[in-house]
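Here is the structure we will look at, set down as structure tokens.
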Amino acid sequence: MRICFLWHQHQPDYRLDGRFVLPWVRLHATKDYIDLPAILSDYSVRHTINLVPSMLEQLDAYARGVRDPLEELAATDAASLTPEQQREIVQWLLTLRDPMMEGLPRLQSIVHRVRTHEHVDLSRQEWRDALVLFHLAWCGPVTRRTSDLLQEYIRQGADFSEQQKANLMHLLREIASTVTSNMIRFESQGHGEVSLTPYHHPILPLLIDTDSARESMPQSALPQPPYKAPYHAGRHVRRAIQDWQRRSGHRTQGMWPAEGGLSMAALSVMAEHGIRWTATDESVLRGSSDGLFLRSDVYFPYEVTTASGAITVLFRDHGLSDAIGFEYASWDATSAAADFVRRLEERRQLIIHEQGASALEHAVVPIMLDGENCWEFYRHNGEDFLRALMQRLSTDERFTSVTCGQVAAAGHARRLDHLRAGSWINGDFGVWIGSPTKNLAWSLLETARQTLSQAGLDEETVAARMEVLEASDWFWWYDERHQAPHREEFDRIFRARLRHVFESCKTDVPDVLLRPLTEAERHDAQRQAVIFGTSSMHRSDAIVRDVAVETSDAWQRLRVRLERHPMGQEELVIQAMGDDGLERACLVAQDEVLWRSPLRDENTEWIAPNELAIYVHSSTRWQLHLTEEGDSGKRRTSRIELRTDGRSY
């Protein structure tokens, strides 16, 4: 049975006014963009690595000497750090995950103090060591092993000098500058292929027409007038192809769409520019199947005929992809690799059972996921797991690894008459559109586009001015479920870039751009997102979305909004405790809601198709414990405190 891996490497454009606002491109370069292809190249398993041109453009900027805030901090003598700079370093230290600090005991000690003390008083030497060790933590194991200087610093462990700090920062820049050439070498040496995402990572269906979201979200409120920029979509695709051809000397054949976002119009744009294959999540195929669907139907390539020609579409195995992205980080590497192969064999048997043994010749199981963010939760940046898995797959005769391009070139694709617009999260676009804040962001984009056009600029110039603003990331971070230490920076960058558009056209800047866009939702009940684990990645199988509390005299309503209803044996359990110390519990299953309270006049009701209300006696705060249990019996939990704000309903 054929399998194909796709690893998506992406960071948005963190530059503003010619300077970097955040350092994530450089940090991931030394931890992930070098290590992943190096590890994969050691085995016969073939892979597709997907790159975003705007990320490569930022690496170019680093090579030209543009610096980020962390580099500015590192360039400051530890004796001269201001209290504000010290607070910045503390905030960066708090972003470190425990596995990243393994083998760096001095860093572990400093971070423990930072985590457990509100005010941290570090010595001059400790501040210097903190910056050096932070950057060592952001070096992948392969990068560490292949650098004598990094090995020396790891052995030294503490008491670094200012010169050593400067030497380290210089080396890390040199390492980051080799990312693009290493990716080109990975492909040219036959280890796999490089595919691309449209230039600035826009969600093509929404860029072409935000109303396309209605195909998978028919009841959602969407921005009006809609944002419609089909020329911009084509430009993102064209620029991506041209950029890689300039860098590598050849033309890419495939394209992973930002967020797996596809529609018939998006497929047509890709086909028009000669893209032979693309991919998204299996949920999009299910949404396009009109109910006639076998479980194993996702394990085949499909050909879709568009107005601009035919294109092959692959649909990723959601469970296997998420197993790497979210589950295996806490497993022993050998056991995780064995479990992955066991699941692959389950897919193979399913295909044989439902389609016949001969179908294995044309079947393919796509495993496609974020190729960077998950590794910080793994020991040794995921190297142990990756090597254990690739070793097994390279010697297991049941499975053959192929690139996505090889699948498309082999033909034998099934026909799909129509693809319903959707993404790799829930098969819809709810993460990026449909809430007041996200709709406001889209409407501001439309106003900016119209302002540029009315200023007399031609279509190409308008598209060039808008392209960075069309990236998916701005809308991702306006989703209340996504929390991160620097989330507010995304809002600040987005608003600043929009202000530049209006100012350059000498028109009034909309007042709403003078404060965070999230304030637009303040009229609604204050919702608290329910988060399981990291929020830089999104669990698309989550049941609960967020919770809120509203007050009316002596009663309150706890509002629990769901992403979807439980299916099969899945259950959601909500435990709530107020000031009275009494515990209430609500179980939500596929076909029923069970409620238990010591107070007989408290109850529940559905107030919307995906929103449950729990009516309780008023409390100044509520402690909620939410547990989701899947069909397999695996549980994940989240604890939330809700404080009352005096709102009425």
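The values are calculated or read from the model by the stated rules, or taken from the named source; none is laboratory data. Remember, predicted model here, so these are calculated numbers, not experimental data. Glycine gets a Cβ as well: all are built from the backbone with ideal geometry, and neighbour counts include every protein chain shown.
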| request: From 114, 132, 120, grab the single residue that is under 29 Å from residue 39 (Cβ atoms), surrounded by 15 or more Cβ atoms within 10 Å (Cβ to Cβ) and among the aliphatic types (A, V, I, L, M). | output: 132
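Conditions (1) of a type in the set (Gly, Ala, Ser); (2) touching a residue at least 60 places away in the same chain (Cβ under 8 Å), marked per residue:
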{"position": "52", "(1), (2)": "no, yes"}
{"position": "58", "(1), (2)": "no, no"}
{"position": "84", "(1), (2)": "no, no"}
{"position": "114", "(1), (2)": "no, no"}
{"position": "139", "(1), (2)": "no, yes"}
{"position": "147", "(1), (2)": "yes, no"}
| task | Search the range 593-649 for residues being assigned to a strand (DSSP E or B) and among the acidic types (Asp, Glu), and hand back the single one that is surrounded by the fewest Cβ atoms within 10 Å (Cβ to Cβ). | result | 641
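Residue by residue, here is whether (1) surrounded by fewer than 18 Cβ atoms within 10 Å (Cβ to Cβ); (2) within 23 Å of the chain's Cα centre (by Cα); (3) farther than 18 Å from residue 285 by Cα holds:
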{"site": "204", "(1), (2), (3)": "no, yes, no"}
{"site": "234", "(1), (2), (3)": "no, no, yes"}
{"site": "238", "(1), (2), (3)": "yes, no, yes"}
{"site": "248", "(1), (2), (3)": "yes, no, yes"}
{"site": "262", "(1), (2), (3)": "no, yes, no"}
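Here is a yes/no grid of residues against (1) farther than 30 Å from residue 363 by Cα; (2) out of contact with any helix residue (DSSP H, G or I) (no Cβ under 9 Å at 6 or more places or on another chain):
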| position | (1), (2) |
| --- | --- |
| 5 | no, no |
| 10 | no, no |
| 14 | yes, no |
| 69 | yes, no |
| 100 | yes, no |
| 108 | yes, no |
| 118 | yes, yes |
| message | Can you go through 77, 42, 68 and tell me which one is out of contact with any Asp or Glu (no Cβ under 8 Å at 6 or more places or on another chain), farther than 30 Å from residue 242 by Cβ and of a type outside the set (S, T, N, Q)? | response | 42
| said: Test of understanding: among 102, 126, 174, which residue is out of contact with any Cys (no Cβ under 9 Å at 6 or more places or on another chain), farther than 24 Å from residue 25 by Cα and modelled with pLDDT of 95 or more? | reply: 126
| note | Those strands (runs of 3 or more DSSP E) completely within the range 446-562 that have 2 or more residues that are at pLDDT below 95 and assigned by TED's automatic domain parsing to the domain that holds residue 616 are 544-552, 555-562
| said: Anything in the range 162-187 that is polar (S, T, N, Q) and touching a residue at least 24 places away in the same chain (Cβ under 8 Å)? List them, or say none. | reply: 164, 177, 178, 180, 182
| said: Here is a check on your reading of the model: is residue 144 on the phi < 0 side of the Ramachandran plot, in a helix (DSSP H, G or I) and at pLDDT below 95? | reply: no
| request: Report whether or not residue 183 is outside any loop (DSSP other than H, G, I, E, B), under 24 Å from residue 378 (Cα atoms) and not assigned by TED's automatic domain parsing to the domain that holds residue 246. | output: yes
| query | Is it the case that residue 421 is at pLDDT 95 or above, of a type outside the set (D, E, K, R), surrounded by fewer than 18 Cβ atoms within 10 Å (Cβ to Cβ) and within 28 Å of residue 297 (Cβ to Cβ)? | reply | no
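Any residue that is assigned to a strand (DSSP E or B), surrounded by 21 or more Cβ atoms within 10 Å (Cβ to Cβ), in contact (Cβ under 8 Å) with a residue 60 or more places away in the chain and in contact with a His (Cβ under 9 Å, 6 or more places away or on another chain) - is there at least one of those in the range 264-287? Quick ask: steps written out before the conclusion?
Applying the first criterion (assigned to a strand (DSSP E or B)) to the range 264-287 yields 277-281.
With the extra rule that they be surrounded by 21 or more Cβ atoms within 10 Å (Cβ to Cβ), the set shrinks to 277-281.
The next check asks that each one be in contact (Cβ under 8 Å) with a residue 60 or more places away in the chain; those that pass are 277, 279-281.
Checking the rest, the ones that are also in contact with a His (Cβ under 9 Å, 6 or more places away or on another chain) come to 281.
The answer is yes, given that some residue of the range 264-287 is assigned to a strand (DSSP E or B), surrounded by 21 or more Cβ atoms within 10 Å (Cβ to Cβ), in contact (Cβ under 8 Å) with a residue 60 or more places away in the chain and in contact with a His (Cβ under 9 Å, 6 or more places away or on another chain).
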| query | Which of (1) under 20 Å from residue 308 (Cβ atoms); (2) among the charged types (D, E, K, R); (3) touching a residue at least 60 places away in the same chain (Cβ under 8 Å) does residue 238 not meet, given it meets every other one? | reply | (3)
| task | Show the residue pairs that are 6+ apart or on different chains and have beta-carbon atoms under 9 Å apart, the first residue being within the range 15-42 and more than 24 Å from residue 474 (Cα to Cα), the second being assigned to a helix (DSSP H, G or I) and basic (Lys, Arg). | result | 37/185; 39/387; 41/185; 42/387
| message | Name the residue that is farthest from the chain's Cα centre (by Cα), counting only residues in the range 564-574 that are surrounded by fewer than 19 Cβ atoms within 10 Å (Cβ to Cβ) and within 16 Å of residue 608 (Cα to Cα). | response | 565
| query | Looking at (1) more than 26 Å from the chain's Cα centre (by Cα); (2) assigned to a helix (DSSP H, G or I); (3) on the phi > 0 side of the Ramachandran plot, which is the one condition that is false for residue 290? | reply | (2)
| task | Give just the number: which of (1) in contact with a Leu (Cβ under 8 Å, 6 or more places away or on another chain); (2) in a helix (DSSP H, G or I) does residue 96 not satisfy? | result | (2)
| request: Return only the number of the condition from (1) on the phi > 0 side of the Ramachandran plot; (2) surrounded by fewer than 16 Cβ atoms within 10 Å (Cβ to Cβ); (3) not polar (S, T, N, Q) that residue 382 does not satisfy. | output: (2)
| remark: Residues in the range 293-306 that are of a type in the set (D, E, K, R) and either free of Cβ contacts under 8 Å to residues at least 24 places away in the same chain or part of a helix (DSSP H, G or I) (or both) total 2
| said: Please verify whether residue 437 is modelled with pLDDT of 95 or more, in a helix (DSSP H, G or I), more than 23 Å from residue 256 (Cβ to Cβ) and not charged (D, E, K, R), treating the condition exactly as stated. | reply: no
| said: Go through the range 339-365 and report how many residues are more than 11 Å from residue 2 (Cβ to Cβ) and either loosely packed, with under 13 Cβ neighbours inside 10 Å or modelled with pLDDT under 95 (or both). | reply: 7
| Yes/no for residue 39 being touching a Lys or Arg at 6+ places or on another chain (Cβ under 8 Å) and within 30 Å of residue 405 (Cβ to Cβ) | yes
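Only one residue in 496, 413 is more than 30 Å from residue 363 (Cα to Cα), surrounded by fewer than 23 Cβ atoms within 10 Å (Cβ to Cβ) and touching a residue at least 24 places away in the same chain (Cβ under 8 Å). Which one?
Numbers: 413 fails: more than 30 Å from residue 363 (Cα to Cα).
Matching residue, one of 496, 413: 496.
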| task | Hey, can you tell me all the residues within the range 149-161 that are without any contact (Cβ under 8 Å) to a residue 40 or more places away in the chain and either within 11 Å of residue 128 (Cα to Cα) or out of contact with any Lys or Arg (no Cβ under 8 Å at 6 or more places or on another chain) (or both)? | result | 149, 152, 153, 155, 156, 159, 160, 161
